[in-house]
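Contents: one structure, followed by commentary.
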Amino acid sequence: MKITMPLAIAIAMLGGAAQAEMKLPDLKKQPTAQAVLDEHFEALNTCDWNRLLAQYPDEAQVNLPNGTIVKGRAALGDLFAGFCKDPKDGGLKGIHFAVEHSTTIENTFATQWVATAPFLAEPYRGSDAYITHDGYMQAMVSTFDGSALKMRK
């Protein structure tokens, strides 16, 4: 079974109500660009919303497939809140991303990864560019498309 609606669209439907309920965590600067990337993967793999948002400054953005751009901490809070929901509630909590290959160019990482989870019928591969600046995740360009995940029946 495939998820029929891209994750980004589903999350966009959360609207301002989700934002009103979330208190954004304080920013937590990382000592190196590599530490920013490592923290991102660790927080994503544990679906730790506070740790995820602690690395994105106010002007951060995530570029998703099909021209979707999520800008600012509040919107990113909604994005990751939807992502970190239990799979039965439409989220992907429990998915695990592992880096297969990463190339570093200054403070930017071009990273190939594979996602696995007990609820996935097969691994899902993708590639992201992570742009770090001054100890934070400034921007991300992602190939991740939730509608391409093949779910177990």
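The values are calculated or read from the model by the stated rules, or taken from the named source; none is laboratory data. Treat the numbers as computed from the prediction; the structure is a model and nothing was measured. Cβ: placed from backbone, ideal geometry, glycine included. Neighbour counts: every protein chain shown. With ligands, DNA and RNA removed, areas are computed over all heavy atoms of the protein, side chains included. Shrake-Rupley method; radii C 1.70, N 1.55, O 1.52, S 1.80 Å.
Summary of values
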{"item": "Residues with amide H under 5 Å from that of Q138, placed H, sequence gap 5 or more", "result": "I131, T132, H133"}
{"item": "Per residue accessible area of the stretch 10-153, 1.4 Å probe, in Å²", "result": "51 Å²"}
{"item": "Theoretical FRET efficiency, 1/(1+(r/R0)^6), r = Cβ-Cβ of A35 and K85, R0 30 Å, to 0.05", "result": "0.65"}
{"item": "Gyration tensor verdict on the chain (Cα atoms; rounded if a/c is under 1.5, prolate if a/b is larger than b/c, oblate otherwise)", "result": "oblate"}
{"item": "Environment charge at G135 (Cβ cut-off 15 Å; Lys +1, Arg +1, Asp -1, Glu -1)", "result": "-4"}
{"item": "Within a Gaussian network of the chain (alpha carbon springs, distance under 10 Å), most fluctuating of A81, A35, A54", "result": "A35"}
{"item": "Whole-Hz couplings from phi, Karplus 6.51/-1.76/1.60, listed for the stretch 115-129; x for Gly and Pro", "result": "10, 10, 6, x, 8, 8, 6, 7, x, 10, 10, x, 8, 10, 10"}
{"item": "Amide hydrogen neighbours beyond the local backbone of L149, cut-off 5 Å, H modeled", "result": "I3"}
{"item": "Charge dipole (debye, nearest 20) of the stretch 101-153; +1 at Cβ of Lys and Arg, -1 at Cβ of Asp and Glu", "result": "420 debye"}
{"item": "Helix-only CD estimate at 222 nm, as mean residue ellipticity for the chain, using -39500 (n - 2.57) per DSSP H run (n ≥ 4)", "result": "-7500 deg cm²/dmol"}
{"item": "Accessible area of the chain belonging to carbon and sulfur atoms, whole % at 1.4 Å probe", "result": "54 percent"}
{"item": "Whole-Hz couplings from phi, Karplus 6.51/-1.76/1.60, listed for the stretch 85-102; x for Gly and Pro", "result": "6, 4, x, 5, 9, x, x, 10, 4, x, 6, 10, 9, 10, 6, 9, 7, 9"}
{"item": "Distant-in-sequence amide H partners of L92 (H built 1.01 Å from N, under 5 Å)", "result": "C84, K85"}
